[in-house]
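To start, the structure itself, in structure tokens.
The values are calculated or read from the model by the stated rules, or taken from the named source; none is laboratory data. Note that this is a predicted model, so its numbers are computed, not measured. All Cβ positions, even for glycine, are placed from backbone atoms using ideal geometry, and neighbour counts span all protein chains on display.
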Amino acid sequence: MYTLGINAVYHDSAACLVVDGRVVAAAEEERFTRVKHGKRPIPFSTYELPYHAIDYCLREAGIGLVEIDHVAYSYDPFLLLGHHRDEPTITLPLEPSAHPTPAEWEAAWDPLFLSSVVNAPRQLADGAPHHLRARFRGARPDGPYRWHFVEHHLAHAASAFHASPFARAAVMTLDGRGERATTTYGLGAGTRLERLGQVAFPHSLGHLYERVTEYLGFLHSSDEYKVMALASFGRPAHVEAFRDIVRLGPRGEYEIESPCLEERFGPARQRGEPLEQRHYDVAHSLQVVLEETVLHIARWLHEATGADDLCLAGGVALNCVLNARLRDRGSFRRIWIQPAAGDAGTALGAALWVDAQERGATERAYRMDHAFLGPGYDDDEIERFLWDAKLPCRRSPQIAEEVADLLAQDKVVGWFQGRMEFGPRALGARSILASPLDAAMQERLNQIKDREDFRPVAPVVLEDEAAEWFVDADVSPFMLFVYDVRPDRADRIPAVRHVDGTARIQTINRAQHPLYYDLIRAFQTRTGVPVLVNTSFNTRGEPIVGSPRDAVECFWTSPLDALAIGSFLLAKPAPDASPA
């Protein structure tokens, strides 16, 4: 049975294909369109279906859309339509924002938004771009597949639990908002998910974090990870103010006062303005109260379920500092988070949920132990592109060994190998790699990528060596937890040690990505260090590279030293002389 999962609401549109309970392919639309997070400047075009990602998933399985049995869309508009749900029409002013918002809608644009979502089956059947229509041919709004609108937080929960290694686990989802829910908590067992409670909009930890992100001069629903990085430089000067904003309840719930941040913390920072200590302090205080609140929910959930294990999803679950606090101070024995924990992952969750329900499965057939679910390119495809582009390159019979030599010489290398990662983290398929031995490498990489200087870079470490370099390090393949760098090792890998002494690590074993593993082992042979800097293969404002063309364009328009793409190595000639 083929089940296609789709996320196309808010941001990070994506598609996923599940075949008889197993994930065959998954990818974000931004990797094809090159529009980061799917945020287009035209209003509401964010709800356009991820046609390119869908096309890729169908191509990976060798099928057309008419061969799909079920389509699972990770949002249920009928939860918001109220008494309009059975009506054939809703009133839409020609200029919605120029008219008072009717009482039944939260925003003036709700009718247009919900109409777009309700019409998604028709959009899928006849809205694909011309160059992709071959794989969409023959589909109709009524099938031949069955269409399922899946509640947003149910899709989040299924993405967390149904892909996890646990047969039974508590499940928590936290994001900006779904249809109404912003936080849910429950219990997963087998293929069942029981919801024990939820918090509804406007009370939202994710939305609060978004508002502070915007207050600090960054893009909301995009740059929250920058606020997490800023927090390490701050002091808890405003913790009591945030505790006043976030009020905890007795059964894991919370309420959030709608704050005027400028009244509490002073003028908002404008984009590009210098960062001041007060900005660091606001970020730090927000992070502290976020951690306190989620620990509060987790303690109640542990008591309510009696479960040893916890699965997390939603955009808040991408906060690796929070995740580490839950690991170290929470009540659960193990925590699992899938790599596309944000909205892109709802395509995965919706597909896994509908697949299990429609097949009547009582046991799960899939466990996500790697994120390499996107498109890959073999050497023949890469060679044809490089030849057509007339690029100087050579084929290397020992690409891992040659790249290890370059890295040991402090060269910075673009690494394009195998199938692309699903989720926002580069995990060794579309990465920029460097040596961690020189503290100056962090600044150099931020300059190469045109990033803010406070941004840390993260390490990848061989799984069987991780505990020798990071305190109590466990298996962490998706770079979603921080660990303290061991004090006796800190001076060996200063480039990846954040100001607070931690590092957001990725562990790797050979079964997950043999060539990536071999490269790190080869670097260890040369330096004695089984650790590399691994950052995403992109520059500021651009999505992670997806295709050979993307990789080559990023390589030639940035100060990277070399590009390892498949078995081919490209290097830039040294300049004849320094610029005057």
I'd like to know if region 27-45 contains one or more residues that are closer than 15 Å to Gly5 by Cα, of a type outside the set (Val, Ile, Thr) and in a loop (DSSP other than H, G, I, E, B). yes
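Taking the condition over 30 Å from Arg549 (Cα atoms) and within 26 Å of the chain's Cα centre (by Cα), does Tyr51 pass?
On the way: over 30 Å from Arg549 (Cα atoms): no; within 26 Å of the chain's Cα centre (by Cα): yes.
When the stated conditions are applied, Tyr51 does not pass them.
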Candidate set from region 501-531 (those that are touching an Asp or Glu at 6+ places or on another chain (Cβ under 7 Å) and among the hydroxyl-bearing types (Ser, Thr, Tyr)); member that is surrounded by the most Cβ atoms within 10 Å (Cβ to Cβ): Thr507
Return only the number of the condition from (1) free of Cβ contacts under 8 Å to residues at least 12 places away in the same chain; (2) of a type outside the set (Gly, Ala, Ser); (3) not assigned by TED's automatic domain parsing to the domain that holds Val19 that His83 does not satisfy. (1)
What's the number of the condition Asp343 fails, among (1) acidic (Asp, Glu); (2) in a loop (DSSP other than H, G, I, E, B); (3) in the same structural domain as Ser13 (by TED's automatic domain parsing)? (3)
Could you list, in sequence order, all residues of region 450-465 that are closer than 13 Å to Asn534 by Cβ and part of a loop (DSSP other than H, G, I, E, B)? Pro456, Val457
Residues of region 250-282 satisfying the condition of being within 25 Å of Ala200 (Cα to Cα) and aromatic (Phe, Trp, Tyr): Tyr254
Can you tell me which residue is surrounded by the most Cβ atoms within 10 Å (Cβ to Cβ) among those in region 51-71 that are touching a residue at least 60 places away in the same chain (Cβ under 8 Å) and part of a loop (DSSP other than H, G, I, E, B)? Ile68
Inspect all residues belonging to region 373-385 and state whether any of them is within 26 Å of Val475 (Cβ to Cβ) and either touching a residue at least 60 places away in the same chain (Cβ under 8 Å) or surrounded by 24 or more Cβ atoms within 10 Å (Cβ to Cβ) (or both). yes
Pick from Thr535, Thr507, Thr527, Thr502: which is of a type in the set (S, T, N, Q) and either on the phi > 0 side of the Ramachandran plot or free of Cβ contacts under 8 Å to residues at least 60 places away in the same chain (or both)? Thr507
For the list (1) under 24 Å from Glu151 (Cα atoms); (2) more than 15 Å from the chain's Cα centre (by Cα); (3) surrounded by 23 or more Cβ atoms within 10 Å (Cβ to Cβ), I need the number of the one condition that Leu318 fails. (2)
Considering only residues that are under 30 Å from Gly21 (Cβ atoms) and assigned to a loop (DSSP other than H, G, I, E, B), look in region 72-95 and name the one that is farthest from the chain's Cα centre (by Cα). Pro77
Taking region 189-205 and the residues there that are touching a Lys or Arg at 6+ places or on another chain (Cβ under 7 Å) and surrounded by 19 or more Cβ atoms within 10 Å (Cβ to Cβ), the one that is nearest to Leu248 (Cα to Cα) would be Ser204
Every residue from region 133-158 that is closer than 30 Å to Tyr185 by Cβ and either free of Cβ contacts under 8 Å to residues at least 40 places away in the same chain or assigned to a helix (DSSP H, G or I) (or both): His152, His153, Leu154, Ala155, His156, Ala157, Ala158
